[in-house]
Amino acid sequence: MSGPLHRSLQEEQISGGPTPAARSQGASLVDAQGRPRHVRMAIVGSGFSGLCMAIKLREAGIHDFVILERGHAVGGTWRDNTYPGCECDVPSHLYSFSFEPETEWPRPYAGHADIRAYIERVTDKYELRDKVRFGANLSRAVFDEAQNIWRLETSAGPLTADLVALGTGGLSNAAIPELPGLERFEGASFHSSQWDHSYDFHGKRVAVVGTGASTIQFLPKIAPKAAQLTLFQRTPAWVLPKRNKPFSAWQKWMFRNVPFVRAAYRSQIFLAHEAYGMAFRRPQVMNAVKRMGVGHIEHYIKDPALQKLLTPSYTPGCKRILLSNDYYPALARDNVSVTGSGIREVRAHSIVTADGVEHEVDVIVFGTGFDVQRKVTRETYVGRGGITLEESWGSTPRAYLGTLLAGFPNLFMLVGPNSGLGHNSIIYIIEGAVRQTMMAIQHMDAVGAKALEVKVEAEARYNERVQQKLASTVWATGCSSYYRNEEGKVTAIWPGSAASYQRATRELRVDDLKLG
């Protein structure tokens with residue numbers, strides 16, 4: 001993938017800011033008379049899920065919608081995450097819409113700029129840019145029971161909508177730990193999703209906090225520049241080799257010119273990942289993955305003490321399995337050290353660990369991931385009876401097929417509770433959720449309903465079945481991960497295959513719905 005757009009995105013990544021073309025505000029939130037606009041649907045977020053929802057609305061002949069985007073450009077997590085080494089750990093050919101395949105992926109696992117370019121291309125092809133209102137952060141959404149509409153407050157002004165679709169995703173709100181004394185630190189500090197591209201790591205004493213997926217990718221890029229890099233590890237990750245040899249010219253020619261070959265390749269890797277996913281539902285099978293992970297460590301790390309420190313004690317898959325060929329070589333460098341002792345406090349120019357050791361540092365980089373359990377600001381959404389999503393959920397997020405919520409009519413989540421995947425592409429989940437949403441909208445129109453939600457008892461039955469299925473999976477084996485809530489219940493992961501979610505969302509079970 002190449003061309004002016006790809007180059008402009010690379011320039012944006014280096015500068016850390018939007019290109020001039022991306023600074024416009026986009027769609028208006030007022031009508032011709034200057035009054036707050038009313039739309040058929042308001043879509044929150046312009047990542048993969050928000051764009052998919054918009055495309056399917058247009059295909060169905062529904063053009064009265066707006067995409068509310070708090071940022072300066074489309075792309076969601078692929079707009080925000082620009083750290084060095086940022087790339088996908090799902091095969092590129094699975095990480096694109098089924099109805100809009102990409103033929104020009106440069107290698108099996110695409111980098112940040114390639115995925116951004118794909119998203120921008122899709123936005124332009126389906127003429128969605130004029131539907132996006134940039135700089136519109138949603139602060140309040142209240143369901144008006146008398147009129148069966150949602151009243152929305154955004155940083156760009158108010159509007160109303162018959163329907164609301166949440167395309168906010170799980171990797172949108174950075175999780176930064178509350179370290180004692182962090183406010184006193186006088187050096188630079190930033191999260192991987194808020195990367196400071198102006199910071200020069202050369203000759204600096206660098207602290208990397210956390211072993212999330214971003215750490216595994218950016219640490220090898222900054223380690224050679226640092227005078228000293230210290231990784232503050234709470235829990236090690238299982239890291240497997242990443243086979244990412246660039247596609248050859250003839251392979252890309254075949255993908256571009258022989259659709260059957262591209263489709264067959266996509267089907268092959270999809271089925272391979274579905275087979276791999278079976279191991280997540282049978283923890284004992286993960287022993288083979290464990291042997292592979294241990295072998296990967298021992299191949300690069302020769303110090304027995306460091307080997308032990310980097311070897312997880314939990315079953316592979318309980319936390320996200322990561323892919324990298326250069327993470328362990330980076331940790332074996334002479335200027336890199338790893339500590340497994342917890343952080344006791346942060347001082348003006350140092351970090352003190354629980355063992356009493358003081359580490360002098362110039363910069364702190366957080367690779368601590370995202371608050372997946374609170375990917376939606378729950379106080380923002382107010383449903384029937386003035387009940388907020390926070391009050392409705394408590395500590396346990398739940399939804400029907402990850403999409404419909406009891407007590408919140410006409411609100412659709414596109415990557416909701418128990419709809420994440422640990423083994424395959426989230427695009428399959430997004431397309432299933434959007435399909436379910438479109439069937440719900442079409443059913444409303446067919447029967448003349450103004451409001452639609454899932455029945456309380458149907459939502460409860462569904463989530464009970466989901467938890468029963470999850471009880472025997474690797475995600476319930478006891479480790480602490482973003483898949484689980486504060487009480488240890490798995491609330492982020494779909495218990496089955498990607499194909500099973502597709503099947504579950506091909507039918508609208510109208511008996512489970514409440515119409516108004």
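A few notes on this one:
- Model label sites at V261 and I387, defined 7 Å from Cα along the beta-carbon direction, differ in position by 5.6 nm.
- Burial ordering of C88, C52, fewest other beta-carbon atoms within 10 Å first: C88, C52
- Among A227, H273, N287 the positive-end extreme of the charge dipole of region 189-315 (Cβ point charges): H273
- In order through region 119-124: 3J(HN,Hα) via Karplus (6.51 cos²θ - 1.76 cosθ + 1.60), integer Hz, x for Gly, Pro: 4, 5, 5, 4, 4, 6
- For the peptides 142-150, 175-183, 43-51, the ranking by mean Cβ contacts within 10 Å, running from highest to lowest, is 43-51, 142-150, 175-183.
- A cut-off under 10 angstrom between Cβ atoms defines the neighbours of T505, and their net charge, with Lys, Arg +1 and Asp, Glu -1, is +1.
- Estimated FRET transfer efficiency (R291, T103; beta-carbon r; R0 56 Å; 0.05): 0.95
- On Cα atoms only, tilt of 259-278 relative to the major axis of the chain in degrees: 70
- Cα-based radius of gyration of region 359-516 once divided by 2.2 N^0.38 Å, which approximates compact folds: 1.13
- When each of the peptides 89-97, 124-132 is scored by the mean number of other C-beta atoms lying within 10 Å of its residues, the order from highest to lowest reads 89-97, 124-132.
- Dipole of region 228-372, positive end: most advanced residue of V258, H296, A354 [Cβ charges, Cα centre]: V258
- Inter-site label distance for S313 and W253 at 7 Å from Cα along Cβ, in nm: 5.6
- Separation of the A471 and T235 label points, Cα + 7 Å toward Cβ, nm: 2.2
- Region 221-238 versus region 437-458: alpha-carbon centroid distance in Å: 50
- Length gained when the stretch E153-E178 is fully extended (0.36 nm per residue, less Cα-Cα span): 6.1 nm
- Percent of Cα-Cα distances greater than 16 Å, calculated over region 404-444: 39
- Here is how the number arises for the chain: DSSP H runs of 4 or more residues each give -39500 (n - 2.57), the sum is divided by the residue count, and the result at 222 nm is -9000 deg cm²/dmol.
- Lys, Arg +1 and Asp, Glu -1 on Cβ, resulting dipole of the chain about Cα centre, debye, nearest 20: 1220
- Positive contributions from Lys and Arg (+1) and negative ones from Asp and Glu (-1), summed over other residues with Cβ under 13 Å from the Cβ of L138, come out at +2.
- Size of electric dipole in region 183-249: Cβ of Lys, Arg +1 and of Asp, Glu -1, about Cα centre, debye, nearest 20: 380
- Amide H contacts of T154 (H built 1.01 Å from N, under 5 Å, at least 5 apart or other chain): S139, L159
- Over 20 Å between alpha carbons, listed pairs K225/K319; K221/K242; K245/K308; K242/K319; K56/K131: K225/K319; K245/K308
- Think of each Lys and Arg Cβ as +1 and each Asp and Glu Cβ as -1; about the Cα centre, that makes the dipole of region 288-346 roughly 260 debye.
- Taking the chain, the Cys residues with no second Cys beta-carbon under 4.7 angstrom are C52, C86, C88.
- Ranked by how many other beta carbons lie within 10 Å on average, peptides 198-204, 228-234 from highest: 228-234, 198-204
- In this calculation the C-beta distance from K125 to V357 is compared with R0 = 51 Å, giving a FRET efficiency of 0.40.
- Candidates I149, I67, N325 compared by Cα position along the dipole of the chain: farthest toward the positive end lies N325, with charges placed on Cβ.
Values quoted throughout were computed directly from the atomic coordinates according to the rules given, and no laboratory measurement underlies them. On a predicted model such as this, the values are computed, not experimentally measured, just so you know. For neighbour counting, all protein chains shown are included, and Cβ atoms are generated from backbone atoms with ideal geometry for every residue, glycine included.
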